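K.L.:
This is the structure, below, for whatever I ask next.
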Amino acid sequence: MAGHRMEIDLPEELFERLVQVARLLEIASPEEAAVIGLADWVSRRGSELDDKDPNSKYPVNEALDELIARKK
């Protein structure tokens with residue numbers, strides 16, 4: 001997946017939760033779990049925006065579908 005690189009500092013507790021989620025859901029890494037979680041969050045916010053302005057649809061649902069398909 002081509003895209004943009006982003007570097008963030010996470011609180012230790014949040015990173016440990018990502019490690020736990022990745023392990024329990026058999027996701028390759030906490031970084032991949034973070035990308036999936038971020039895509040889900042943006043998708044949900046995009047839905048809220050769509051409700052306000054149906055002419056401005058977000059392409060994030062498609063990206064999230066691709067990530068989920070890769071997981072299977």
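Derivation of every value follows stated rules applied to the coordinates shown; laboratory data play no part. Keep in mind it's a predicted model, so treat the numbers as computed, not measured. Methodologically, a virtual Cβ is constructed for each residue, glycine included, from the backbone with ideal geometry; neighbour enumeration extends over all protein chains shown.
K.L.:
FRET efficiency for ARG70 and GLU12, Cβ-Cβ distance as r, R0 = 30 Å, nearest 0.05?
P.N.:
On the way: r = 28 Å, r/R0 = 0.94.
Computed FRET efficiency for ARG70 and GLU12: 0.60.
K.L.:
Highest mean first, how do 35-43, 3-11, 18-26 rank when packing is the count of other Cβ atoms within 10 Å averaged over residues?
P.N.:
Working: 35-43: 16.3, 3-11: 6.6, 18-26: 13.0.
Top of the packing list down: 35-43, 18-26, 3-11.
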